1. Which members of segment 192-221 meet the condition of being open to solvent by 30 Å² or more (accessible area, probe 1.4 Å) and either modelled with pLDDT of 95 or more or not aliphatic (A, V, I, L, M) (or both)?
2. Can you tell me how many residues in segment 80-99 are surrounded by 15 or more Cβ atoms within 10 Å (Cβ to Cβ), in a loop (DSSP other than H, G, I, E, B) and modelled with pLDDT of 90 or more?
3. Can you work out which of the residues in segment 460-474 that are crowded, with 17+ Cβ neighbours inside 10 Å and polar (S, T, N, Q) is nearest to GLY443 (Cα to Cα)?
4. Can you tell me which condition MET252 does not meet? The list is (1) in contact with a helix residue (DSSP H, G or I) (Cβ under 7 Å, 6 or more places away or on another chain); (2) within 29 Å of SER219 (Cα to Cα), and all the others hold.
5. Here is a check on your reading of the model: is GLN193 more than 22 Å from ALA96 (Cβ to Cβ), without any contact (Cβ under 8 Å) to a residue 60 or more places away in the chain and of a type outside the set (Lys, Arg)?
6. So THR52 clears everything in (1) open to solvent by 20 Å² or more (accessible area, probe 1.4 Å); (2) over 37 Å from the mean Cα position of the chain (by Cα) except one condition, right? Which one?
7. Would you pick out the residues in segment 18-49 that are open to solvent by less than 20 Å² (accessible area, probe 1.4 Å), assigned to a helix (DSSP H, G or I) and touching a residue at least 40 places away in the same chain (Cβ under 8 Å)?
8. State which residue is nearest to PRO491 (Cα to Cα) when the search covers only segment 259-278 and only residues that are hydrophobic (A, V, I, L, M, F, W, C) and open to solvent by less than 30 Å² (accessible area, probe 1.4 Å).
Amino acid sequence: MSYQVLARKWRPRNFPEMVGQTHVLRALINALDNDRLHHAFLFTGTRGVGKTSVARILAKSINCEQGMSSTPCGVCSTCREIDEGRFVDLIEVDAASRTKVEDTRELLENVQYAPTRGRYKVYLIDEVHMLSNHSFNALLKTLEEPPPHVKFLLATTDPQKLPVTILSRCLQFNLKRLPLELIRDHLAHILEQEAVASEVQALTALARAADGSMRDALSLLDQAIAYGHGQVTTAEVQEMLGTIDRERVLPMLQHLSDGDGEGLMTAVSQLAEQSPDFAGVLAELNTLLQRLALAQQVPAALDDTMGDREALLALASQMNPEQVQLYYQIGIIGRRDLPLAPDPRIGFEMVLLRMLAFQPASGGAARAASAAVASSQPAGAGTTERRAAAPKPAATPSVVKEEAPPVTPVAPVPTPSTPLSSNTTETPLPDLAPATAAGPIEGASAWASLVAKLPLSGMTRQLAENSALIRHQGNVIELALEPGCDHLRNPKWEEGLSQALEMYFGSRQRLQFVDGISETTTPQQLRKEREVARQEAAEAALQEDPALQSILEQFGGEIEPGSIRPAE
């Protein structure tokens with residue numbers, strides 16, 4: 001006896017065997033049990049989700065010799081013939097091969113005749129959207145008022161192409177794409193019945209590759225069994241699908257977290273030896289970033305189907321949530337632009353280098369996301385903080401071209417001769433001489449000035465800018481983190497800040513972070529206060545400018561909200 005593929009062997013033969021689609025099955029079961037069956041049904045959905053299977057089960061339910069119900073017996077001659085595709089009163093039509101109006105008219109000529117054996121004559125028209133407009137017109141009247149012994153079951157993957165006149169004459173049921181977990185569990189059940197050994201991660205990979213289609217999943221499962229000599233293992237499934245082991249991608253995230261560019265490029269070189277699909281590798285990296293964000297925000301929702309939960313939870317405690325969001329945005333845009341790269345590997349490496357180069361601004365995720373978008377635009381399409389080199393004219397609204405009076409600039413950093421001060425107002429920030437000459441740091445402004453001078457970058461700078469100075473006594477510097485910035489407490493970044501302070505003071509400085517909310521202002525908060533003051537000063541300067549007010553009154557204009565920017 002010839003081998004029967006799994007997709008046909010495990011095709012559901014009754015409603016309980018259907019996987020998913022409970023919203024459709026519930027309506028059909030109630031209609032059958034309460035004898036309220038419509039004369040025309042339209043089943044829509046992507047390939048392999050059960051449209052034809054549901055239609056055949058419905059045909060079996062209404063023609064079963066044991067009586068019409070939602071539970072056909074499955075053993076009578078009618079049920080067996082429908083399962084085998086040879087029931088005379090079930091007319092299955094592939095609309096893709098019978099698009100002409102003559103084919104439709106020939107099909108409808110026999111509608112008036114009573115069924116030969118069954119209770120109803122059922123017309124199952126698959127891919128009905130392929131019919132021509134003339135064919136639809138020929139079908140309209142019969143579809144609206146068919147003889148009482150006729151039922152129409154239509155199936156399509158593209159309901160948008162159907163005329164509204166057809167849609168209005170049918171009960172429409174949209175079959176959903178099946179979730180990954182449901183497909184994986186069904187594959188595990190089938191393999192258990194087939195006595196085939198398998199691994200959960202391998203089935204998860206097959207379910208992901210099926211992309212919501214149970215039929216595709218069963219076809220891939222057939223292929224995986226043959227490829228693996230009668231068993232389904234993770235390594236062989238990944239080799240068959242051409243995917244990369246997630247264990248090869250996870251270290252890249254660790255290198256990104258550590259800012260280790262050399263290690264990152266070494267990992268890419270090792271990966272390139274396998275000649276991978278770099279678009280697929282980037283997609284896997286984006287998937288891990290999404291799971292990493294989930295681990296940071298909703299840890300309980302992170303499953304362990306891929307065996308990476310513990311590694312992601314450990315990595316989540318090391319990375320800034322804004323950093324993860326920025327990396328994901330860069331990865332998504334990089335995948336879109338990958339075909340434009342001179343070489344797939346070059347494009348992939350450039351995405352990773354962009355992740356290293358752009359760090360999220362301390363102000364929040366919104367600025368981080370805007371930096372990622374700006375970095376992906378062509379020259380001239382946007383600006384980033386790094387491009388702002390040339391001086392800009394004084395702030396003006398977009399509706400006025402006349403130059404406005406200058407806005408009070410932010411106070412510059414004074415020369416090293418300026419003495420230390422603890423003043424936190426808009427006075428100039430003092431410059432700090434080494435502690436051997438000027439003594440310990442005193443005050444928020446002094447700390448902010450020192451942070452601005454230190455050779456810090458990335459997450460180490462964020463740690464310093466979001467820390468408030470409590471006291472500096474001897475070689476001990478006590479700091480308090482701004483609320484919500486506990487993720488910045490990382491031994492590597494603390495050591496980087498300590499080394500920078502040691503280089504500045506000429507002696508080892510020991511950092512101590514105290515708990516609780518500090519009343520002292522952080523450098524980041526000082527910067528925000530100055531930005532707010534500059535913005536208010538710019539708006540006030542324009543509102544008080546007599547020339548601008550005269551123009552607005554003369555032409556009935558107004559200043560567009562949000563168009564005023566302070567001068568650089």
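1. Within segment 192-221, GLU192, GLN193, GLU194, SER198, GLU199, GLN201, ARG208, ASP211, ARG215, ASP216, SER219 meet the criteria.
2. Here the count works out to 2.
3. Initial filter on segment 460-474 (crowded, with 17+ Cβ neighbours inside 10 Å): 460-470, 472.
Those left that are additionally polar (S, T, N, Q): 460, 462, 466-467.
Values: THR460: 21, GLN462: 19, ASN466: 15, SER467: 13 Å.
Of everything passing the filter in segment 460-474, SER467 is nearest to GLY443 (Cα to Cα).
4. Status for MET252: all satisfied but (2).
5. Values: more than 22 Å from ALA96 (Cβ to Cβ): yes; without any contact (Cβ under 8 Å) to a residue 60 or more places away in the chain: yes; of a type outside the set (Lys, Arg): yes.
Yes.
6. (2)
7. Of everything in segment 18-49, those that are open to solvent by less than 20 Å² (accessible area, probe 1.4 Å), assigned to a helix (DSSP H, G or I) and touching a residue at least 40 places away in the same chain (Cβ under 8 Å) turn out to be VAL24, LEU28.
8. Taking segment 259-278 as the starting set, the residues that turn out to be hydrophobic (A, V, I, L, M, F, W, C) are 264-265, 267-268, 271-272, 278.
Restricting the remaining residues to those that are open to solvent by less than 30 Å² (accessible area, probe 1.4 Å) gives 264, 267-268, 271-272, 278.
Numbers: LEU264: 21, ALA267: 24, VAL268: 27, LEU271: 30, ALA272: 32, PHE278: 33 Å.
Looking at the filtered set, the residue picked out is LEU264.
The values are calculated or read from the model by the stated rules, or taken from the named source; none is laboratory data. All of these numbers come straight from a predicted model, not from anything done at the bench. Don't worry about glycine lacking a Cβ; one is built from the backbone with ideal geometry, like all the others, and counts go over all protein chains shown. Accessible surface areas use protein heavy atoms only, side chains included; no ligands, DNA or RNA. Shrake-Rupley method; radii C 1.70, N 1.55, O 1.52, S 1.80 Å.
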